[in-house]
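One structure is given below, encoded as structure tokens.
The values are calculated or read from the model by the stated rules, or taken from the named source; none is laboratory data. In this text the structure is predicted, and so the values were computed from the model without any measurement. Here the Cβ positions follow ideal geometry from the backbone for every residue, glycine too, while neighbour counts run over all protein chains shown. Surface areas here come from the heavy atoms of the whole protein model, side chains and all, with no ligands, DNA or RNA. Shrake-Rupley method; radii C 1.70, N 1.55, O 1.52, S 1.80 Å.
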Amino acid sequence: MVGINFLNYMDRYIGAAASPLIQKEFHLSDGQVGLLGSAFLLVYAVAAVPFGYWADRGVRKTVVGVGVAIWSLATLFTGFARNFTQLFLSRAVLGIGEAGYYPAGTSMLSDYFPKDQRARSMSIWGAGSTLGIAVGFAGGGYIAEKFGWRSAFFFAAVPGILFALLAFGLREPLRGSAESVGRAVQKTSEAGLRTFLDLLRIPTLRATILSQTLLYFVLASNAFWLPIVLTRRFNLSVSRAGLLAGVVLVAGGLIGTLAGGWIADRRALKHAAGHLEVGIAGFLLGSVFITIALLAPMNVGPIPVFIPAFGLAVVCLYLYSGPFTAVAQNVVSPGLRASAVTMLLFVSHVFGDSHSTFDVGWISDRIGSLQGALLITSPTLLIVAAIIAATGLRSVSRDVQKMEDDWAARPALAAPAVP
């Protein structure tokens, strides 16, 4: 599962690393380059709805395998694109495949690990995404510059096809098998349109989804535009910009992701709101360091400034990953956990990052500064995200208890039951 998550994000960010060369070959504006990122994210959000429903009612490992196969083939065909339309369509299909993986994968992991270990397990799983972003930037940028940008996509597609085959052999856990109350079941029939929409009535889940909607805007826009920012601000080559972005992202992302899960699980033993508190702190500190990184020079004399500020921003922004995923799963019935992830993906991508890369590119075209466009959006949205997440602090304990009481009281609704 960690390996699949690695490929999930590597395939996304190879496109960002190769974007300076793609932009040059097809004579694209910043807005058009941003639109390629938006094509993936918007389709990803919409396609998550049917895949999430399938995951909550069907065999999750099959959903995962199908999703990985689709996105790997889409990555392969991106390398054959000969115009902007073909690029746009191939990146859009990538979103269909990745939408099949994340809801089903999150639900499976929640049934592998109990509540008191869930933030750490989600963080380890999330570490695969951090490595994938780093390799996508560094490896994708290097291969794109040395062998052509098309080769970078071919490089990413082959292991994906292999992991798609391996996914069908994953162990399918019983739903609710890691819960301390209620019965573990093989199949449930809770998922449906009404129950899907009712998920937004859970205050804690609503707070995490809305705050992550703003966070995803910041993460996607900064990650997508980072290689171009580095080439423009510091005159770095495509490969050096990708390498620098990749190294700092993997170091900061791994530290933030793993530390966030560990800190949150320990804090949640005494404070039910511990998972949310860790993410909120990360949002606020991240808004400070991302501002410094966007304004700072590479060095002040012999003292590096940009890289430490950028690295600390990455650490802070990734603290939320395991804790927010865990708390969102903790407040939702095991029979609806893929649906909860689907709701997150739909809301956060449609209203958050699906248009973020285009929005920043559009602002850049208007004000003549990509750096300025990121400064306008990033710190402000992170502060608002922290405020929204804080609305869930009072409700989290009540929502977790309600989920456990409901699950324990209705084993008859989930069939067939397993003793």
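Considering only residues that are among the small types (Gly, Ala, Ser) and more than 25 Å from PHE26 (Cα to Cα), look in the stretch 150-177 and name the one that is surrounded by the fewest Cβ atoms within 10 Å (Cβ to Cβ).
Of all residues in the stretch 150-177, those among the small types (Gly, Ala, Ser) come to 151-152, 156-157, 160, 164, 167, 169, 176-177.
Of the ones still in play, those that are also more than 25 Å from PHE26 (Cα to Cα) are 160, 164, 167, 169, 176-177.
On the way: GLY160: 23, ALA164: 23, ALA167: 24, GLY169: 8, GLY176: 23, SER177: 16.
This residue is GLY169.
Identify all residues within the stretch 326-363 that are over 30 Å from ARG57 (Cβ atoms), in contact (Cβ under 8 Å) with a residue 60 or more places away in the chain and open to solvent by 10 Å² or more (accessible area, probe 1.4 Å); write none if there are none. Talk me through it step by step, then tell me what you get.
Our first condition is that a residue be over 30 Å from ARG57 (Cβ atoms); within the stretch 326-363, this holds for 355-363.
So of that shortlist, the ones also in contact (Cβ under 8 Å) with a residue 60 or more places away in the chain come out as 355-362.
Correct list: HIS355, PHE358, ASP359, TRP362.
Looking only at the stretch 36-74, which residues are crowded, with 22+ Cβ neighbours inside 10 Å and within 16 Å of PHE351 (Cα to Cα)?
GLY37, SER38, ALA39, PHE40, LEU41, VAL43, TYR44, ALA45, ALA47, ALA48 - these are the residues of the stretch 36-74 that are crowded, with 22+ Cβ neighbours inside 10 Å and within 16 Å of PHE351 (Cα to Cα).
Picking from PHE137, PHE147, which residue would you name as being of a type in the set (Phe, Trp, Tyr) and either open to solvent by 10 Å² or more (accessible area, probe 1.4 Å) or farther than 20 Å from ALA16 by Cα (or both)?
Details: PHE137 fails: either open to solvent by 10 Å² or more (accessible area, probe 1.4 Å) or farther than 20 Å from ALA16 by Cα (or both).
Exactly one residue qualifies, and that residue is PHE147.
More than 19 Å from the chain's Cα centre (by Cα) and modelled with pLDDT under 90: which single residue out of VAL300, VAL341, VAL350 fits that description?
Result of the check over VAL300, VAL341, VAL350: VAL300.
Could you please give the count of residues in the stretch 4-25 that are open to solvent by less than 40 Å² (accessible area, probe 1.4 Å) and over 30 Å from LEU199 (Cα atoms)? I'd like the intermediate steps shown before the answer.
If we filter the stretch 4-25 for residues that are open to solvent by less than 40 Å² (accessible area, probe 1.4 Å), which is where we start, we get 4-5, 7-8, 10-20, 22-23.
Those left that are additionally over 30 Å from LEU199 (Cα atoms): 10-11, 13-20, 22-23.
Adding up the residues that qualify gives 12.
Determine whether GLY286 is surrounded by 24 or more Cβ atoms within 10 Å (Cβ to Cβ) and either part of a helix (DSSP H, G or I) or in contact (Cβ under 8 Å) with a residue 24 or more places away in the chain (or both). Steps first, please.
Details: surrounded by 24 or more Cβ atoms within 10 Å (Cβ to Cβ): yes; either part of a helix (DSSP H, G or I) or in contact (Cβ under 8 Å) with a residue 24 or more places away in the chain (or both): yes.
Considered against the rule, which asks whether it is surrounded by 24 or more Cβ atoms within 10 Å (Cβ to Cβ) and either part of a helix (DSSP H, G or I) or in contact (Cβ under 8 Å) with a residue 24 or more places away in the chain (or both), GLY286 comes out as yes.
I need every pair where a residue in the stretch 229-248 that is free of Cβ contacts under 8 Å to residues at least 12 places away in the same chain has its Cβ under 7 Å from the Cβ of a residue that is open to solvent by less than 60 Å² (accessible area, probe 1.4 Å) and part of a helix (DSSP H, G or I), sequence separation at least 6 or different chains.
Short answer, once both residue conditions are applied: LEU236/LEU230; LEU236/LEU244.
Which of the residues spanning the stretch 309-318 are in contact (Cβ under 8 Å) with a residue 40 or more places away in the chain and more than 9 Å from ILE255 (Cβ to Cβ)? If you could, list the steps in order and put the result at the bottom.
To start, the set of residues in the stretch 309-318 that are in contact (Cβ under 8 Å) with a residue 40 or more places away in the chain comprises 310-318.
Once the filter is applied, which keeps residues that are in contact (Cβ under 8 Å) with a residue 40 or more places away in the chain and more than 9 Å from ILE255 (Cβ to Cβ), the stretch 309-318 yields PHE310, LEU312, ALA313, CYS316, LEU317.
Could you look through the stretch 374-385, keep only residues that are among the aliphatic types (A, V, I, L, M) and touching a residue at least 60 places away in the same chain (Cβ under 8 Å), and pick out the one that is nearest to PRO203 (Cα to Cα)?
As a first pass, look at the stretch 374-385 and keep what is among the aliphatic types (A, V, I, L, M): 374-376, 381-385.
Still in the list and also touching a residue at least 60 places away in the same chain (Cβ under 8 Å): 374-375, 381-385.
Working: LEU374: 31, LEU375: 31, LEU381: 21, LEU382: 20, ILE383: 20, VAL384: 17, ALA385: 15 Å.
If we take residues in the stretch 374-385 being among the aliphatic types (A, V, I, L, M) and touching a residue at least 60 places away in the same chain (Cβ under 8 Å), then ALA385 is nearest to PRO203 (Cα to Cα).
Does SER29 satisfy the condition of being in contact with an Asp or Glu (Cβ under 9 Å, 6 or more places away or on another chain), open to solvent by 10 Å² or more (accessible area, probe 1.4 Å) and of a type in the set (Ser, Thr, Tyr)? So that I can check it myself, show each step before the final result.
Working: in contact with an Asp or Glu (Cβ under 9 Å, 6 or more places away or on another chain): yes; open to solvent by 10 Å² or more (accessible area, probe 1.4 Å): yes; of a type in the set (Ser, Thr, Tyr): yes.
The answer is yes for SER29.
Among the listed residues VAL218, VAL238, which satisfies the condition of being touching a Pro at 6+ places or on another chain (Cβ under 6 Å) and buried (at least 23 other Cβ atoms within 10 Å of the Cβ)? Walk me through it before giving the result.
On the way: VAL218 fails: touching a Pro at 6+ places or on another chain (Cβ under 6 Å).
After ruling out the rest, the residue left standing is VAL238.
Here's the yes/no breakdown for (1) modelled with pLDDT under 85; (2) of a type in the set (Val, Ile, Thr); (3) not in a loop (DSSP other than H, G, I, E, B):
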residue: SER129; (1), (2), (3): yes, no, yes
residue: GLY140; (1), (2), (3): yes, no, yes
residue: ALA144; (1), (2), (3): no, no, yes
residue: ALA164; (1), (2), (3): no, no, yes
residue: GLY169; (1), (2), (3): no, no, no
residue: SER180; (1), (2), (3): yes, no, no
residue: LEU200; (1), (2), (3): no, no, yes
residue: THR204; (1), (2), (3): no, yes, yes
